[in-house]
Amino acid sequence: MKSHICLNILLVLMFTGSLEAADTVESILKRAIQAHGGVTELSKCDAAIVSMKGTINSSGKKISFTAKSVYQFPDKVRNEMFIEDQQEPIIRVRNGNQSVLLSRGKAIPLSKETAEEVNIGLEMQKLYQLTSLLTDPSYEVAKVDLGKEGKEQHLVALRVLKKGMRPIHLIFDTNYGYLTKIHSKLLDRNTKKEYNQILVITKLHNFEGILRASEIEVYREKELVGMMEITGFVPVKQMNPLWFNTNPKSDPPSQNMEQEKK
């Protein structure tokens, strides 16, 4: 009897190990796509409105903010951030090769570091969509061995490369296929040195059939520097191009962003 039990346990261990070893980039992504809503629903995310709120840790203080973002793949995004005790929002727009800060009737070109942050933010939306990683040939995706950590925590990692973009690592839960962490590298605006940014997804929410991150912890290296709560995610068939206008004289008022959802 004991020999049969031992044999069964051995077979289970062997079978589990073969599944993990056989996992390919395609199988990992297909499982993740299914877990987050399926191809049909995720394919609707080429343009969307994202609303969020959260806190930033700065000089030992927690600063609250609210933000809205509209994007249209492949190269258009508008981010509006309202920070407590500041009357004017921070508005950054990327339209194709142009990236500007809209402030007091002026369009100010973004620094290299800030423009890269905006670009990575747009790329993050593509990566959240997941389907692009299977269909867009500009992405080079490879499986990364997490070693002991991966086995103990049931995690698997994919490294995403793209021309002009620093490597991004996506960490998935192997039990359910959920995206749990995103590792990326950014340039410090002051020191111009590279640092690691880690987004830890602590909660998921079903937004109109699409399962996406709703609560995120933001780490710089190992230090917690902010927390975000995604309060709304609304896919849009075609975004109004006025949102991506880099001419401040024709820039639409912020409150009209709500009308896009209708």
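Given the options A35, A48, A157, state which has the largest fluctuation in a GNM of the chain using a 10 Å cut-off (strictly under) for Cα springs.
The residue that fluctuates most here is A35.
Taking 0.36 nm per intervening residue step and subtracting the Cα-Cα distance, what contour gain separates H205 from D145 on full extension?
Working: separation 60, 0.36 × 60 = 21.60 nm, distance 2.84 nm.
Separation in residues times 0.36 nm, less the Cα-Cα distance, equals 18.8 nm.
Size of the dipole of region 15-110 about the Cα centre, Lys and Arg at +1 and Asp and Glu at -1 on the beta carbon, nothing else charged, in debye to 20?
The calculation lands at about 440 debye.
Summarise the long-distance tail of P(r) for region 36-124 by giving the % of C-alpha pairs beyond 23 Å.
Counting pairs separated by more than 23 Å, the tail of P(r) holds 31 percent.
Please report, to one decimal in angstroms, the Kirkwood hydrodynamic radius of region 23-261 built from all distinct Cα-Cα pairs.
Value: 18.7 Å, from the Cα pair sum.
Compute the relative contact order of region 23-261 as a whole-number percentage, counting only Cα pairs closer than 8 Å that sit 6 or more residues apart in sequence. Walk me through the numbers before you get to the answer.
Numbers: 480 pairs, mean separation 54.7, N = 239.
23 percent.
On C-alpha positions alone, give me the angle between the axis of helix 112-129 and the longest principal axis of the chain, in degrees, nearest 10.
Long axis of 112-129 versus the principal axis of the chain: about 50 degrees.
Using a simple spin-label model with points 7 Å from Cα along the Cα→Cβ vector, what separation in nm is obtained for K185 and D23?
Reported label-point gap for K185 and D23 is 2.4 nm.
Straight-line reach from K185: which aspartates and glutamates have a Cα under 15 Å away, not including same-chain ones fewer than 8 places off?
E113, E116, E117, E123, E194, E221, E223
Show that you can apply the helix-only estimate: for the chain, add -39,500 (n - 2.57) for every DSSP H stretch of four or more residues, divide by all residues, and state [θ] at 222 nm to the nearest 500.
That comes out to -7500 deg cm²/dmol.
Can you tell me the 0 to 90 degree angle between the C-alpha axis of helix 25-35 and the longest principal axis of the chain, rounded to 10?
70
Run the simple label-point estimate for T66 and D136 please: 7 Å along Cα→C-beta, distance reported in nm.
Result: 3.0 nm between the two label points.
Under a GNM of the chain (C-alpha, springs under 10 Å), which listed residue has the highest mean-square fluctuation: D85, D173, D23?
Maximum fluctuation in the GNM of the chain, among the listed residues, is at D85.
Evaluate the charge dipole of region 23-261 about its Cα centre and quote only its size in Debye, nearest 20, assuming +1 on the Cβ of each Lys and Arg and -1 on the Cβ of each Asp and Glu.
Roughly 440 debye, rounded to the nearest 20.
Using only the alpha-carbon atoms, how far is helix 2-22 inclined from the longest principal axis of the chain? Give it as 0 to 90 degrees, nearest 10.
Once rounded, the angle reads 30 degrees.
With unit charges on the beta carbon (Lys/Arg positive, Asp/Glu negative), name the residue among A157, Y195, N175 whose Cα is farthest towards the positive pole of the charge dipole of region 139-200.
Y195
To the nearest 20 debye, what charge dipole does region 112-251 have about its Cα centre, counting +1 at the Cβ of each Lys and Arg and -1 at the Cβ of each Asp and Glu?
About 340 debye.
Would you mind checking K62/K126; K53/K76; K53/K222 for any pair whose Cα atoms are more than 32 angstrom apart?
none
Name the residue, out of G232, G38, G164, whose mean-square fluctuation peaks in a Gaussian network model built on the chain with Cα pairs under 10 Å.
Comparing G232, G38, G164 in the GNM, the peak value goes to G164.
Read the figures in this text as sums done on the coordinates, not as results from a lab. This one's a predicted model, so the numbers in the text were calculated from it and none came from an experiment. Counting neighbours? That spans all protein chains shown, and the Cβs are built from the backbone with ideal geometry, glycine included.
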